[in-house]
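Data first, discussion second: the structure below is written as structure tokens.
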Amino acid sequence: MDLTRTIDVQLLEHVNLVPKAVDGAGEIHVISGYRSPEYNALLVKRSRRVAQHSLHVQGQALDFYVPGVKLREIRRAALRLQYGGVGFLSRAKFIHLDCGPFRTW
């Protein structure tokens with residue numbers, strides 16, 4: 001069984017720009033990338049904050065943080081790029097980026 005999936009190149013390019021914009025030395029720590037439909041469905045059952053039709057399932061979303069950089073600073077840098085979805089929940093320990101239409105939460 002092949003468990004590999006392709007991550008959207010536009011997403012990777014977007015994510016690559018953010019740490020550079022906050023002097024994060026290019027290092028990111030990924031919390032969540034691709035999700036199988038089954039795993040995403042399980043997360044939807046556990047939390048209202050998980051999208052039923054998440055772009056994670058398409059390989060078009062990534063949750064991450066940059067070590068030593070405040071999440072609000074990462075969010076500001078991502079918003080300045082005006083690309084894709086930029087998600088930040090105050091209780092979360094990560095920033096969500098995706099290559100859907102520009103929007104924030």
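Overview of values
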item	result
Residues whose placed amide H lies under 5 Å from that of residue 32, excluding near-sequence neighbours	63
Set of lysines near residue 20 by C-alpha distance (under 28 Å), chain-local residues within fewer than 8 positions excluded	70, 93
Charged-residue dipole, Cβ positions (Lys, Arg, Asp, Glu), the chain about Cα centre, Debye nearest 20	620 debye
Estimated inter-spin distance, residue 31 and residue 79, nm [label 7 Å along Cα→Cβ]	1.8 nm
Inter-label distance, nm, simple model (7 Å from Cα along the C-beta direction), residue 92/residue 51	1.0 nm
Accessible-area value, residue 103, 1.4 Å probe, nucleic acids and ligands omitted, Å²	80 Å²
Rounded FRET efficiency, nearest 0.05, which uses the C-beta distance separating residue 23 from residue 43 and R0 of 30 Å	0.40
Table column - 3J(HN,Hα) (Hz), region 87-99, Karplus curve with 6.51, -1.76, 1.60, x for Gly and Pro	x, 8, 10, 4, 7, 6, 10, 7, 10, 9, 10, 9, 10
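The values are calculated or read from the model by the stated rules, or taken from the named source; none is laboratory data. Please read these numbers as outputs of a predicted model, since none were measured by experiment. Virtual Cβ from ideal backbone geometry, glycine too; neighbours counted across all protein chains shown. The area values use the complete protein model at the heavy-atom level, side chains included, leaving out ligands, DNA and RNA. Shrake-Rupley method; radii C 1.70, N 1.55, O 1.52, S 1.80 Å.
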